[in-house]
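Worksheet: one structure, shown below.
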Amino acid sequence: MNRFSAATVFPLLALGLPLAAQEHDLHLDTKVDASVWIRQVSTQSQKIDMGIQEVETENVMDVAAKIVVTAVGEDGGVTVECSLQRVRGKFDMPQMGEFPFDSIDAGKAEAKKPDDGFDDFGGMMPDFAAIGRAAAAVAGTKFIVKLDRYGHTESVEGTEAALEQVEQAAGPMGGQMLTGAFGEEAIGNLVESAFGERPDKPTAVGGEWAPRNKNADDRTKADIVMTLQSVSDKSFAIAGKGTIEKAADPAGGADAGDESDEAAMAREMRENMSIENGKITFRSVVSREDGFLVEAERETSMDVKMPGPFGGDIKMQHKSTTSTKRTTEAAAMQRDAKADKAGDGDK
């Protein structure tokens, strides 16, 4: 029979092998003037079955930002200047085509007033070309963001002016669409991502926690659990997974008597919406040498069903991915060779 004696246990203790899992306090560890370039690519795709017709859409928002630490507080919180250096992407809409945009080419685009018109069913349609131009024009904007010592947003400055500019260029409908990309929450999340997800208290490898900002919108409820996978002198890795369900109290609680017919129809569709197979996965690696993110991937998917405006059900397969990686100025500002070649051919 094998037995542990004092003679075998004491050498193990002398080697520093813990009897309990070691906890790691992974708070922000940075200094004034520390900086990083990050590139975040968000892709949303949908397959929509309307009964009589099936369509697919894909929207891409690709942002390169420079993050500079301007102050570090005694409590470990930081103040950061976030400057959007490049904004590009595309809107791929059924029966309307693809609307690409890139801030590098923004100076070549002809300034036009947004044209929110009616579609074939009498509903208002945003001007996607104008929305793309408005998104690209946000490049060059600077925001001031304050984070606490664990990287959670405390305040964001500069989004109000940016959104006013966006609405003027994209129209009211376009402005609402781009709030999700350039609003206070979006910019805060972008800066948070530059420092990476991390637990807000000392945690051992294998430890779990729920992130603070886990609900993408007020129509859905996301339950995600993060796990500290590994910690070394150079980096730490985190993985997460969870589910998405319909929120118990969806948006649109205004007095029904004050609603327009369109708003009432949208509210009824949300109330009768169902969500199945909602899933979230996440992974990230953060450097412990400079305190900034190395890379992160987040993916959500769900099947949505809701009543259609003209009877029957609308079924949607929704998938969203967000990839965030550190980059360099040269790589972030490099032109797309294929796009340049196509442009040269048009001359």
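Only the coordinates and a few stated rules stand behind these numbers; no lab work does. Source: prediction; values computed, not measured. Don't worry about glycine lacking a Cβ; one is built from the backbone with ideal geometry, like all the others, and counts go over all protein chains shown.
Given H placed on each backbone N at 1.01 Å, which residues far from A34 in sequence or on other chains put an amide H within less than 5 Å of it?
Counting only residues 5 or more places away or on other chains, the set is V69.
In whole Hz, with x marking every Gly and Pro, tabulate ³J(HN,Hα) for region 164-179 from phi via Karplus 6.51 cos²θ - 1.76 cosθ + 1.60, θ = phi - 60°.
Values, residue by residue: 4, 4, 4, 5, 5, 7, 9, x, x, 5, x, x, 5, 5, 7, 4 Hz.
Hey, what do the phi angles of region 131-146 turn into as Karplus ³J(HN,Hα) couplings, whole Hz, using 6.51/-1.76/1.60 and θ = phi - 60°, x for Gly and Pro?
These are the phi-based 3J(HN,Hα) values: 5, x, 5, 5, 5, 4, 5, 6, 4, x, 6, 10, 10, 10, 10, 10 Hz.
In what sequence, highest mean first, do 161-171, 273-283 appear when ranked by Cβ atoms within 10 angstrom?
On the way: 161-171: 18.6, 273-283: 16.5.
My ranking of the peptides, most packed first, is 161-171, 273-283.
Applying the Karplus parametrisation 6.51 cos²θ - 1.76 cosθ + 1.60 with θ = phi - 60° to the phi angles of region 282-298, what ³J(HN,Hα) value in whole Hz is obtained for each residue in order, glycine and proline being reported as x?
Per-residue couplings from phi come out as 8, 8, 7, 10, 10, 6, 8, 7, 10, x, 9, 4, 8, 6, 8, 9, 10 Hz.
Taking 0.36 nm per residue of sequence separation and subtracting the Cα-Cα distance, how much length would be gained by fully extending the chain between R335 and E299, in nm to one decimal? Walk me through the numbers on the way to the answer.
Details: separation 36, 0.36 × 36 = 12.96 nm, distance 2.71 nm.
Gain on extension, R335 to E299, equals 10.2 nm.
Using a/c under 1.5 as the rounded threshold, could you call region 180-240 rounded, prolate or oblate? The axes a ≥ b ≥ c are square roots of the C-alpha gyration tensor eigenvalues, and prolate needs a/b larger than b/c, oblate otherwise. The partial results should precede the final answer.
Numbers: a/c = 3.07, a/b = 1.58, b/c = 1.95.
It is oblate, given that a/c is not under 1.5 and a/b is not larger than b/c.
Which far-off residues, 5 or more places away or on another chain, put their amide H under 5 Å from the one on R288, with H placed in the peptide plane?
Amide H to amide H, under 5 Å and 5 or more residues apart or across chains, R288 pairs with S235, F236.
Between Q176 and R149, with labels modelled 7 Å along Cα→Cβ, what's the label distance in nm to one decimal, could you check?
Distance between the two pseudo-spin positions: 4.3 nm.
Run the quick spin-label model on E23 and E276: label points 7 Å from Cα toward the beta carbon, then report their separation in nm to one decimal.
Taking the simple label geometry, E23 and E276 are separated by 4.4 nm.
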